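The structure appears right after this line, and notes come after that.
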Amino acid sequence: MTEQGAANAEAEYWVYDPAADRFRDLGRFPMFRADAVHKRLSTYVSSGPAGLDFERHEYAFQGNDLVVMREETQKPSPTRPGRWIRTVRRRKRGKLVVILRQTVKQPARPKPVGSESE
């Protein structure tokens, strides 16, 4: 692990190259979760309030390269306060293409216990 915050952590990864009989540097990524059944690695990074601002990626190896197969982001709308733009991209024919883009409303904050509206 190379860096750790309250919600996220990053690590430096290496992969074994049997042809060269050595490890090679894969790079620095958020902590991977492995899905052995689907042969995928995934990451999740929370960047904002209550998990509303985030990035999620799914990776797969294509040859020796680690490639993003799916990406989901949710970022604050630059023009509409209290709204978030959620975008999902999936790899098709070698490129990440948008398969979903939607505006998400920030959930209402819970009322404090003992407030007059109870």
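The values are calculated or read from the model by the stated rules, or taken from the named source; none is laboratory data. Here the structure is a predicted model, which is why all the values come from computation and not from measurement. As a convention, Cβ positions derive from the backbone with ideal geometry for all residues, glycine included, and neighbour counts pool all protein chains shown. Ligands, DNA and RNA are excluded from the accessible area calculation, which covers all protein heavy atoms including side chains. Shrake-Rupley method; radii C 1.70, N 1.55, O 1.52, S 1.80 Å.
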Item to check | Surface share of carbon and sulfur [accessible, 1.4 angstrom probe, percent] for the chain | outcome: 51
Item to check | Simple spin-label estimate for SER47 and GLN102 in nanometres, 7 Å along Cα-Cβ | outcome: 2.1
Checklist entry - If you compute P(r) over Cα pairs in 10 Å bins from 0, in percent for the structure shown, which of [x] 13, 44, 33, 10, 0; [y] 12, 31, 30, 16, 7, 3, 1, 0; [z] 14, 50, 32, 3 do you land on? => result [y]
